[in-house]
Amino acid sequence: MARKNILNTGIPISTSLKPTLEAENIQQRIAPNKKRLLTISALAVVVAICISFVAKFLIDFLYFITHLAFYGDVAITHVTPVGNHLGLWVILVPVAGGIVAGLMALYGSKAIRGHGIPEAMEQILTNQSKIKPTLTYLKPISSAIVIGTGGPFGAEGPIIATGGALGSTLGQLLKISHNERKILLAAGATAGMAAIFGSPIASIFLAIELLLFEFSPRSIIPVALACITGAAGHHFLFGAGPVFPIGHALEMPGNTALFVYSILGLITGFLSVFVTKIVYWIEDLFEKLPIHWMWWPAIGGLFVGVIGYFSPRTLGVGYENITDVLSGTLPMQIVLYLCVLKFISWAIALGSGTSGGTLAPLMTIGGAAGILMANVVIYYFPHTGISLSLAALVCMSALFAGASRALLTSIIFALEVTGQANALLPLLAGCTASYFVSFFLMENTIMTEKITRRGIKTPDSYQPDILESIRVEQVIKEHAIVLDEDNTVEEVRTWLENEPDYHSNYFVIVNKENQFVGIISSSGLLSQHHDPAKRIVSLIRRQPISVSEDSSLKKAVELMAVESIDVLPVISAENNFIGIISYKDILSAYKDDIDNQVKKNPSISLRRRGLKVLVRGQKLIDVFRNR
């Protein structure tokens, strides 16, 4: 930094400006607090323990309602509506469940409507992760009633919403930041999923892809601990082993089979777009009905009951359907019913705004579609080496990957709930193909379409913060006038009058050792209220704030935001003043990053310096000649 004495009193001038001094208390406020992380992690584990028991209650209550509604007895043992003997009366059972859900939404909370994840995303993005505490009991009860009376949904959506509500409620009771509340919300939601399916890794990826919108230790550690706790709760309360056992080990597919699975995933991608569009088209139709929305779930339940009368397997949560589909031994008629009728029943019920999840229905529909497509392939190309079970697994995961665009979640979930490691490559190929189609053909997903219609933008990428990777010393461009702390107000004013070329909105104050002391504004210096004999150091009104030259731009931005300042002095490791950084420097860094992503220039030129390609219209000569 070039410096020069302007006055005999030693006022130095700096023609290049870099960051300055640091205030310890401000640094502590913005720096990652490891003790705080331990606290949030402990809270996340507590939430996970609670939601594990809530998951158990939800499943037991769901079975209780199923026993009561379809068989007229009182029990909480595992049961499905398939074996009921109600005849035509079965049509009215889902209608009754829809009426109860509508009343609970009307007089309890309208937020119980929907399938859970979009509602959690909305609260994270717009309401500082604040969810009404009443959802912690209204959502599981309403969902259990809807699903127990035949609603074609999975229990995972309601428990995700309930876990998110529980984490958010705890975050609202305690003195924590908005971001910490978001972490507790995500931890509760994903712990609920892990408690239902025993899939902690997939639950962590679900948090990253659909809830957190970030990847950092402060969020991943609490969420991971919560998911592990939820999985432990699953093993303790529901038993160990895969949730959807296939019954036989899947063989590692060859290249031909892998190619076929990729094609099946590609076709499933188009199916995922169709499914998403139909669901929201049906929802739009319900919006046009000239009756109160409270009655919509009952109307949806009527369709569910009619379809359930002809195909009882479409009723209820249907986890056993997934296991049967993966076995590859179901009759083709039942597979066709699960693919077509289950989809119609689920789409109408979901579009009606009732309470239920999407993961299990999508897996059932996708798996059945995979069986149908695989049978066609085997019929015409019998030597491809594909298996019905693996085709079903790939397509059920690909349908969820395309509809939700939670790619990694879909792949890992399929591996965890089946325990089939040999399925990894086909799953990767099929889900990626489906994701590819969905990305190019569908702007929003089944998870984001609803909240996008409300004007809420969801992040579509998770890039590292550019400010984290740039050091302060790399972007210093501002200039400032540096003054000695012993100069008087009169001396500085006189010097400024004699140096009209120097203009600045602020002045940096240093001591004899060039250590940063503070910063004053030009308006403060030139004010006529000051005694001309007063030392300029006495004009400093703000606590000295600075940043070190090796700090990241993110740290500089946080300091500027906390203190509401637009320039920040920079200091060296020896606490010497170096210069100043401003918001313009930071914007310039962002511009450079945008240029790096947009501008397209070759890094290696094929032209060799000193070689001419054309000689006035003659032939090409010695382009690759050695020099």
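Within the stretch 436-451, the set of residues being in a helix (DSSP H, G or I) and surrounded by 23 or more Cβ atoms within 10 Å (Cβ to Cβ) comprises Ser438 only. Scan the stretch 317-326 for residues that are buried (at least 16 other Cβ atoms within 10 Å of the Cβ) and closer than 19 Å to Ile147 by Cα and jot them down. Within the stretch 317-326, Val317, Gly318, Tyr319, Asn321, Ile322, Thr323 qualify.
Before we move on, is Ser203 among the polar types (S, T, N, Q), in the same structural domain as Leu38 (by TED's automatic domain parsing) and within 21 Å of Phe153 (Cα to Cα)? Yes. If you check Leu559 against the conditions, is it in contact with a strand residue (DSSP E or B) (Cβ under 8 Å, 6 or more places away or on another chain), in a helix (DSSP H, G or I), at negative phi and modelled with pLDDT under 70? No; evaluated as a whole, the condition is false for this residue. Out of all the residues in the stretch 172-181, is one or more touching a Gly at 6+ places or on another chain (Cβ under 7 Å), surrounded by 23 or more Cβ atoms within 10 Å (Cβ to Cβ) and among the charged types (D, E, K, R)? Scanning the stretch 172-181, I find at least one residue that is touching a Gly at 6+ places or on another chain (Cβ under 7 Å), surrounded by 23 or more Cβ atoms within 10 Å (Cβ to Cβ) and among the charged types (D, E, K, R), so the answer is yes. Suppose the filter is in contact with a Leu (Cβ under 9 Å, 6 or more places away or on another chain) and on the phi < 0 side of the Ramachandran plot; does Val340 pass it? For Val340, the condition - in contact with a Leu (Cβ under 9 Å, 6 or more places away or on another chain) and on the phi < 0 side of the Ramachandran plot - is not met. When the test is whether a residue is under 18 Å from Ser109 (Cβ atoms) and in contact with an Asp or Glu (Cβ under 8 Å, 6 or more places away or on another chain), Ala202 does not pass it. State yes or no: is Gly150 at pLDDT 85 or above, part of a loop (DSSP other than H, G, I, E, B) and surrounded by 19 or more Cβ atoms within 10 Å (Cβ to Cβ)? When the stated conditions are applied, Gly150 passes them. Considered as a group, the residues in the stretch 534-573 that are within 31 Å of the chain's Cα centre (by Cα) and of a type in the set (Gly, Ala, Ser) include one that is surrounded by the most Cβ atoms within 10 Å (Cβ to Cβ), and that residue is Ala556. In the set Glu320, Glu416, only one residue is assigned to a helix (DSSP H, G or I), more than 18 Å from Glu251 (Cα to Cα) and not β-branched (Val, Ile, Thr); that residue is Glu320. Annotation note: of Val93, Val79, the sole residue that is out of contact with any Cys (no Cβ under 8 Å at 6 or more places or on another chain), not in a helix (DSSP H, G or I) and not assigned by TED's automatic domain parsing to the domain that holds Pro361 is Val79. Restricting the stretch 219-265 to residues that are assigned to a helix (DSSP H, G or I), of a type outside the set (Ser, Thr, Tyr) and out of contact with any helix residue (DSSP H, G or I) (no Cβ under 9 Å at 6 or more places or on another chain), the residue that is surrounded by the most Cβ atoms within 10 Å (Cβ to Cβ) is His235. Give Leu21, Leu43, Leu7 a once-over and let me know the one that is crowded, with 21+ Cβ neighbours inside 10 Å, at pLDDT below 90 and not β-branched (Val, Ile, Thr). Result: Leu21 is the single residue among Leu21, Leu43, Leu7 that is crowded, with 21+ Cβ neighbours inside 10 Å, at pLDDT below 90 and not β-branched (Val, Ile, Thr).
In a residue-by-residue description of the stretch 327-336, the property of being modelled with pLDDT of 90 or more, surrounded by fewer than 23 Cβ atoms within 10 Å (Cβ to Cβ), among the polar types (S, T, N, Q) and farther than 17 Å from Val394 by Cβ applies to at least one position. Looking at this structure, is Tyr319 assigned by TED's automatic domain parsing to the domain that holds Gly301 and at pLDDT 90 or above? Here the answer is no, as Tyr319 does not meet what is asked.
The values are calculated or read from the model by the stated rules, or taken from the named source; none is laboratory data. Just so it is clear, the structure is predicted and the values come from calculations on it, not from any experiment. Glycine also receives a Cβ, built like all others from the backbone with ideal geometry; neighbour counts cover every protein chain displayed.
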